[in-house]
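So the structure is just underneath, and the comments pick up after that.
The values are calculated or read from the model by the stated rules, or taken from the named source; none is laboratory data. All of these numbers come straight from a predicted model, not from anything done at the bench. Reconstructed Cβ throughout: ideal geometry from the backbone, glycine too, with neighbour counts over all protein chains shown. Heavy atoms of the whole protein, side chains included, go into the accessibility calculation; ligands, DNA and RNA do not. Shrake-Rupley method; radii C 1.70, N 1.55, O 1.52, S 1.80 Å.
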Amino acid sequence: MRVVSRKLPLPTVENCRDLGGIHTEQGRMVRPGLLVRSANLHDARHDDLETLAHRGISNVIDLRTDPERDLKPDRLLEDWSFYALPTFRETKALRLQLRDIVTRPGTFIEDLYPRLVLDDAAVACWKRMFRLLIDEPGGYLFHCTQGKDRTGIAAALILAALEVPEDVIRDDYLQTNLYMSTEMSAFVDTFEALLGPKAHADIDEFLVASPLYFQTYIDATASFGGPVGYLRTAIGLSEADLRALRDFYLTDDASN
């Protein structure tokens, strides 16, 4: 597996990686310290948050649902800006999740990826995220619970907008398998109690970033002409928007 994003040595922030240093098709490079992906910040120590701030982070985008945020709220520095941008509505997501787990075990995460592109709530989330990146440029950390699925799509869309090759974006997505925590004992116990043997197929899905899931995301953008076409058509990014993103978040200087 090719390592393309830099794992940050923060003991209390899981799966935390700086997209800085990733190269585009034109040979430019993502600026370090401006685009960081991670799992949630619920257990983050103050010194790890200070390290992120020192690297350039001053904004946090939380892609989790309201119940997830209420259960494990992020720890933040006082001067940070926080944005709650859920990618799907809780009631619909729960109904679909229960249906899939009971009737089609082992398919929930695969089916989730098209919804993270096509559902109205997801489109609204990505529109807001990109407007923040464009209209209020700065250092952003974006995350969900594990930093795998919703965070993976956010990173994939951002890197696509910055003209990073698809194979590199896929490698960053799969890199999660090197760092993501698999400590989900309470979650596993709940699934097994409810579903018995059916639980294992779905539990495995939550613990793996799969090439199949990434391809499902790519396929969901095909009717728009691919991820960049999706950003132009569904998210409404203009050429000026894309140029502003690239001007701020990319550099020609490899020393930056």
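Which residue is nearest to residue 87 (Cα to Cα), if the candidates are limited to the stretch 117-152 and must be part of a helix (DSSP H, G or I) and either touching a Cys at 6+ places or on another chain (Cβ under 9 Å) or of a type in the set (Asp, Glu) (or both)?
Checking each candidate, the answer is 150.
Among the residues of the stretch 84-101, is there at least one that is more than 27 Å from residue 219 (Cβ to Cβ), within 18 Å of the chain's Cα centre (by Cα), modelled with pLDDT of 90 or more and not in a helix (DSSP H, G or I)?
Yes; the residues of the stretch 84-101 include at least one that is more than 27 Å from residue 219 (Cβ to Cβ), within 18 Å of the chain's Cα centre (by Cα), modelled with pLDDT of 90 or more and not in a helix (DSSP H, G or I).
Going by the structure shown, is residue 196 in contact with a strand residue (DSSP E or B) (Cβ under 8 Å, 6 or more places away or on another chain) and either at pLDDT below 95 or surrounded by fewer than 22 Cβ atoms within 10 Å (Cβ to Cβ) (or both)?
Against the criterion (in contact with a strand residue (DSSP E or B) (Cβ under 8 Å, 6 or more places away or on another chain) and either at pLDDT below 95 or surrounded by fewer than 22 Cβ atoms within 10 Å (Cβ to Cβ) (or both)), residue 196 does not qualify.
Just one of (1) more than 18 Å from the chain's Cα centre (by Cα); (2) more than 18 Å from residue 139 (Cα to Cα) trips up residue 3, so point out which.
If we test residue 3 against (1) more than 18 Å from the chain's Cα centre (by Cα); (2) more than 18 Å from residue 139 (Cα to Cα), just (1) comes out false.
Tally up the residues in the stretch 13-69 that are in contact with a strand residue (DSSP E or B) (Cβ under 7 Å, 6 or more places away or on another chain), under 14 Å from residue 83 (Cα atoms) and open to solvent by 10 Å² or more (accessible area, probe 1.4 Å), please.
Total satisfying the criteria: 4.
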